[in-house]
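Here's the structure, in structure tokens; my notes come after.
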Amino acid sequence: MNEIRAIQASQMKEEVDQFKVGDTVRVHFKIVEGKTERVQAYEGLVICMKNSGVGKTFTVRKNSYGVGVERVFPLHSPRIVKIEVMRPGKVRRAKLYYIREKIGKASKIKELISKKSDEAAREEVQA
């Protein structure tokens with residue numbers, strides 16, 4: 001059992017970008033086409049996170065020309081270059097599968113505004 005855990009620990013990334021369900025993220029990942037390798041960005045809403053440890057995955061959903069597209073990414077994959085949080089979301093569910101049925105404005109998630117950025121905005125207005 002300890003051997004399995006040791007192998008899993010060696011496969012995990014040291015620093016993983018912090019994000020949660022409901023955040024809008026941009027995932028930069030490597031694509032291999034023949035002998036060339038390029039980085040492609042995929043931006044969308046994180047609708048679920050599953051499993052733990054090395055097998056942890058997250059699903060990102062976006063609308064592409066009016067069609068909903070979902071992609072599942074392994075969190076500790078060596079193909080993921082970086083994950084950027086574009087907009088933190090405020091949700092009260094762990095799985096946002098209900099977003100699949102929503103269309104247009106109904107599929108929007110409230111934005112989480114941190115207290116630090118709110119205080120900075122107030123200071124900017126006063127100055």
Checklist outcome for this item: Taking every other residue with Cβ under 14 Å from the Cβ of residue 83 and scoring Lys and Arg +1, Asp and Glu -1, one gets +4
Next on the checklist: Suppose each label sits 7 Å from its Cα in the direction of the beta carbon; what would the residue 8-residue 67 distance come out to in nanometres?
Outcome noted: 3.7
Next on the checklist: Can you give the Rg/Rh ratio of the chain, where Rg is from the C-alpha atoms and Rh is the Kirkwood radius?
Outcome noted: 1.05
Next on the checklist: With +1 assigned to the C-beta of every Lys and Arg and -1 to the C-beta of every Asp and Glu, and no other charges, what is the dipole magnitude of the chain about the Cα centre in debye, to the nearest 20?
Outcome noted: 560
Next on the checklist: Helix 115-126 against the longest principal axis of the chain: what's the angle in degrees, Cα atoms only, rounded to the nearest 10?
Outcome noted: 40
Checklist entry - Highest GNM mean-square fluctuation, the chain, Cα pairs closer than 10 Å: which of 57, 24, 36? => result 36
Checklist entry - Relative to the first principal axis of the alpha-carbon coordinates of the chain, what is the inclination of helix 2-11, with its axis defined by its Cα atoms, in degrees from 0 to 90 and to the nearest 10? => result 60
Checklist entry - Quick one: if the Förster radius is 22 Å, what FRET efficiency do residue 30 and residue 90 give, using the C-beta to C-beta distance and rounding to 0.05? => result 0.10
Checklist entry - If the label point is 7 Å along Cα→Cβ of residue 50, which residues in region 95-110 have backbone nitrogen under 19 Å from it? => result 95-101
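Laboratory data are not the source of any read-out in this text; all were calculated from the coordinates shown. Please read these numbers as outputs of a predicted model, since none were measured by experiment. Every residue, glycine among them, receives a Cβ derived from its backbone with ideal geometry; neighbour counts consider all protein chains shown.
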